[in-house]
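Everything on this sheet refers to the single structure shown next.
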Amino acid sequence: MKVELSEKEIALANLFEKVTGVVPLEWVDLGKAIFFIVPYKTITRTIGKEGKNIRILENKLKKKVFVFGNSNNIKQFAQNLFNNVKIYHIEVMDVMGRKEVFIVAEDRDKKKILGKEGLRLKAAKKLMEKMFNATLHIRTKRAPT
């Protein structure tokens, strides 16, 4: 599959690589924030000591920057997108020839799932579509007492 990038996208990828030393695999720019996917083994290097590289990117781009590790496994990729959320279950189904990913997460983590202004959830849905041609669905449930 041939991918064509605009000059703006090439400049963004070059800036990201120059600051972090890592080539981004994919990204979603939602205006106020940008979400990058990088090879999983490069997460630490991408973030930099005490988040230094992320702060540099945020200053240069004038927006929040988030980085997630890639996985070729759709369930692990979904887990990586919500790495600070208690996930009970991830199920992948084939519905009429299309992949559907269902995540059941802790109800108390709703704000983490959504992110500020719902940006994290929007980015996760777009990244799941781009990386796996799949639709992401999230449900929450209360922890057993």
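Report the local net charge at residue 106: Lys and Arg +1, Asp and Glu -1, summed over other residues whose C-beta lies under 10 Å from its C-beta.
Computed value for this residue: +4.
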Checklist entry - In µm²/s, what is D for the range 52-121 at 10 °C and 1.306 mPa s, where D = kT/(6 pi eta Rh) by Stokes-Einstein and Rh is the Kirkwood radius from Cα pairs? => result 114 µm²/s
Next on the checklist: Tell me the relative contact order for the chain as a rounded percent, counting alpha carbon contacts under 8 Å between residues six or more apart.
Outcome noted: 17 percent
Checklist outcome for this item: Of 43-50, 70-77, ordering from highest average Cβ density within 10 Å down gives 70-77, 43-50
Checklist outcome for this item: Counting only DSSP beta bridges with both partners in the chain, the antiparallel fraction in percent, to the nearest 5, comes to 45 percent
Checklist entry - Given the convex hull of the Cα atoms of the range 7-69, what is a quarter of its surface area in nm²? => result 3.7 nm²
Next on the checklist: Output needed: percent of Cα pairs per 10 Å distance bin for the range 1-112, bins running from 0 to the one holding the longest distance.
Outcome noted: 12, 38, 33, 15, 1
Checklist outcome for this item: Long-range amide H partners of residue 67, meaning residues 5 or more apart or on another chain whose placed amide H is closer than 5 Å, are 36
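Give the relative contact order (percent, whole number) for the range 74-141; include only Cα pairs under 8 Å separated by 6+ residues.
The normalised contact order for the range 74-141 reaches 33 percent.
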Checklist outcome for this item: Env charge @ residue 142, Cβ radius under 12 Å, K,R +1 / D,E -1, value +2
Checklist entry - Which is farthest toward the positive dipole end of the chain among 12, 24, 143, measuring Cα position about the Cα centre, with Cβ charges +1 (Lys, Arg) and -1 (Asp, Glu)? => result 143
Next on the checklist: From the helices alone, meaning DSSP H stretches of at least four residues, give me the mean residue ellipticity at 222 nm for the chain, per-run term -39500 (n - 2.57), in deg cm²/dmol to the nearest 500.
Outcome noted: -11000 deg cm²/dmol
Checklist entry - Under a point-charge model restricted to the Cβ atoms of Lys and Arg (+1) and Asp and Glu (-1), what is the dipole moment magnitude of the chain relative to its Cα centre, in debye to the nearest 20? => result 580 debye
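Every number in this text was worked out from the coordinates using simple rules, so none of it is lab data. On a predicted model such as this, the values are computed, not experimentally measured, just so you know. Note that we place each Cβ from the backbone using ideal geometry, even for glycine, and neighbour counts take in every protein chain shown.
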